[in-house]
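The values are calculated or read from the model by the stated rules, or taken from the named source; none is laboratory data. Just so it is clear, the model here is predicted, and its values are computed rather than measured. Don't worry about glycine lacking a Cβ; one is built from the backbone with ideal geometry, like all the others, and counts go over all protein chains shown. Side chains are part of the model used for accessible areas, which takes the heavy atoms of the whole protein and leaves out ligands, DNA and RNA. Shrake-Rupley method; radii C 1.70, N 1.55, O 1.52, S 1.80 Å.
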Amino acid sequence: MISKLGEKFTDIFRKNMPDAFVFALVLTLITSITAFFWVGATPLKIIQSWYDGFWSMLAFGMQMVLLIITGYSIALSPFSSRAIDKVAKYISTPKQVYFITVVFGMLAGLVSWGWVVIAALLGRELALRVRGVNYAYLIACVYFSSISWVSGLSSSIPLLLNTEKNFLIEAGILDNILPTSLTLGSTINMCMIALFVLLGPFLMLWLAPKKEKGIEIIDELGKEEQTLNKSISQEAEDLKLPEKSFSDFMNNTSIFQYIIVFMGFSYVIYHFYTKGLDLNLNIMIFFFIMLGMLLHKTPMRYSISMKRSSTNISSILYQYPFYAGIMGIMTYSGLGDALGQAIANIATVDNYPFYAYVLGGIVNFAIPSGGGEFAVIGPSIIEAVNQIGAGLAEAQLTEMTARASLSLAYGEALTNLLQPFFLLIVVPIMGAGLKIQARDVMGYLAIPFLIYFVLQILMVLYLPI
């Protein structure tokens with residue numbers, strides 16, 4: 001029954017879900033209309049807000065591009081290929097591929113949300129070695145596994161609340177920082193980690209398609225991809241001149257590249273020594289670049305690997321500005337504040353985590369960024385908690401603030417399963433050489449979403465901090 005229900009959801013999404021770009025355009029119009037009728041924003045104000053937000057994700061978009069191609073470059077190295085070959089010796093069935101990929105993705109996500117790139121690389125390479133893998137479902141497994149980031153070391157909202165002089169403190173909404181012991185180290189979050197790491201892999205194993213059908217990577221790869229046997233080192237050799245030359249020596253020597261790598265890793269060590277486990281996007285991408293240079297040994301080989309890694313990133317380049325425009329409408333038209341205030345008016349001391357959770361999930365469609373969303377609606381949520389908890393002891397009010405913030409974060413992360421914004425990070429890697437779209441993947445995530453939606457609501461309402 002569950003298998004048939006999963007197939008039904010998949011068919012519904014394939015028939016009705018448009019391309020990710022169309023999804024962004026429709027969401028832009030929905031957000032604009034809502035701002036016009038709810039908060040009374042004029043058409044000009046909406047368009048100005050849209051334009052002002054349009055360019056706000058340029059840095060983030062470039063970070064996503066670099067995250068994808070530098071991570072993919074590592075996977076193209078001989079070392080990575082040998083390592084995955086060793087892992088693949090112990091994996092012989094599609095279900096084992098699904099299970100191992102989700103386990104790895106969940107654990108990687110707890111370190112950093114950007115490590116979904118590594119999970120995508122592992123999944124693709126295993127699918128190339130094991131026959132019978134439903135590749136669209138495997139992409140869904142990778143994307144599903146990425147939701148664990150919200151409970152991990154890169155969870156943006158808890159880290160923001162633990163930052164000295166954050167914008168909430170400067171605005172007088174909070175008096176002090178919220179230590180991570182009340183958020184990432186809380187009982188709720190420890191249970192949430194268990195829900196991700198222990199239940200997630202078995203859930204996706206249980207939901208795996210039973211029928212012998214679906215997209216299989218070996219069958220779907222284009223002929224050019226299947227017949228491309230030339231290695232990166234061979235291509236580097238072919239680019240050399242017939243006679244010895246100084247330029248070929250410079251292009252293919254390891255000396256200069258290793259010196260740069262030494263400098264790079266020296267900074268990485270300095271960064272973590274002086275700042276602790278600060279896994280921000282910049283240091284992660286920098287590490288990926290240095291590791292890729294080390295594994296490919298020469299400038300020419302690394303350049304070829306980066307060229308091969310960059311063939312499928314167009315979706316991020318032109319779609320992210322539209323999502324940024326949606327975020328601009330939410331932020332500058334006053335729609336985000338209105339949503340937060342609406343929740344503040346109906347929430348009570350018993351149900352405020354539920355409303356924070358649902359609001360986080362809804363706003364995520366318009367602002368698919370935990371930190372960006374919290375900047376827009378976080379102040380209203382915390383102000384609501386301060387009003388609801390008026391007269392309570394300071395420690396109780398602090399715990400309520402932590403619970404509300406975590407609830408918002410969990411809701412925001414889970415609804416990523418229903419919209420393709422971060423799937424645009426996974427598809428360029430796993431979909432390289434394939435004709436695969438978001439609609440082929442998203443249907444498989446409907447049942448996991450519903451199950452986790454129910455479980456997470458019960459947890460945020462009833463588990464102690």
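Observations, loosely collected:
- At q = 0.18, 0.29 Å⁻¹, base-10 log of I(q)/I(0) for the range 355-404 (Debye sum, equal scatterers on each alpha carbon): -0.57, -1.07
- Taking the range 395-465 and dividing mean pair separation by its residue count, relative contact order in percent (alpha carbons under 8 Å, at least six apart): 46 percent
- Once the Cα atoms are used to define both axes, helix 299-309 deviates from the longest principal axis of the chain by about 50 degrees.
- Peptide packing: for 402-409, 385-392, the average count of neighbouring Cβ atoms within 10 Å per residue gives the ranking 402-409, 385-392, highest mean first.
- For the chain, the residue among Gly411, Ser231, Leu198 whose Cα projects farthest onto the positive side of the dipole built from Cβ charges is Ser231.
- Net length gained if the chain between Asp350 and Ser314 were fully extended (0.36 nm per residue, minus Cα distance): 8.3 nm
- The string of couplings for the range 164-177 from the Karplus curve (6.51, -1.76, 1.60, θ = phi - 60°) is 4, 6, 5, 5, 6, 5, 5, 8, x, 7, 10, 8, 9, 5 Hz, one whole number per residue in order, with x for Gly and Pro.
- Helical mean residue ellipticity (222 nm; -39500 (n - 2.57) per DSSP H run of 4+; nearest 500) of the chain: -22000 deg cm²/dmol
- Relative contact order (percent, whole number), the range 320-465, Cα cutoff 8 Å, 6+ residue spacing: 28 percent
- Percent carbon-and-sulfur accessible area, the chain, ignoring ligands, DNA and RNA, probe 1.4 Å: 65 percent
- Legend: P(r) of the range 1-112 from all alpha carbon pair distances, 5 Å bins from 0, whole percents, reading 2, 8, 8, 12, 13, 13, 14, 12, 8, 5, 3, 2, 0.
- Cβ-placed point charges (K, R +1; D, E -1), dipole of the chain about Cα centre in debye, nearest 20: 1380 debye
- Cβ-based charge dipole, the chain, positive-most Cα from Ile388, Trp55, Asn134: Asn134
- Computed lengthening from Ala342 to Ile33, 0.36 nm per intervening residue step minus Cα-Cα distance: 109.5 nm
- Taking the C-alpha atoms only, the angle from helix 335-346 to the longest principal axis of the chain is near 50 degrees.
- Tail beyond 17 Å, pair distance distribution of the range 314-390 (Cα, percent): 44 percent
- Each other residue within a Cβ distance under 14 Å of Ala356 adds +1 if Lys or Arg and -1 if Asp or Glu, for a net charge of -4.
- Average accessible surface for the chain: 45 Å² per residue, computed with a 1.4 Å probe over protein heavy atoms with every protein chain in place.
- Relative compactness, the range 255-388, computed as alpha-carbon Rg over 2.2 N^0.38 Å: 1.55
- Residues Leu455 and Val87, FRET efficiency given R0 of 30 Å [Cβ-Cβ distance, rounded to 0.05]: 0.50
- Applying 1/(1 + (r/R0)^6) with R0 = 41 Å to the Cβ-Cβ distance of Gln396 and Leu418 gives a FRET efficiency near 0.75.
- Label-point gap, in nm, between Tyr258 and Tyr51 - each point 7 angstrom along Cα→Cβ: 5.5 nm
- Taking the Cα centre of the range 260-369 as reference, the dipole from Cβ charges on Lys and Arg (+1) and Asp and Glu (-1) amounts to some 760 debye.
- Crossing angle, helix 281-296 versus the chain [Cα axis fit, 0-90 degrees, rounded to tens]: 10 degrees
- The range 1-139: relative contact order in percent, alpha carbon pairs under 8 Å with at least 6 residues between: 19 percent
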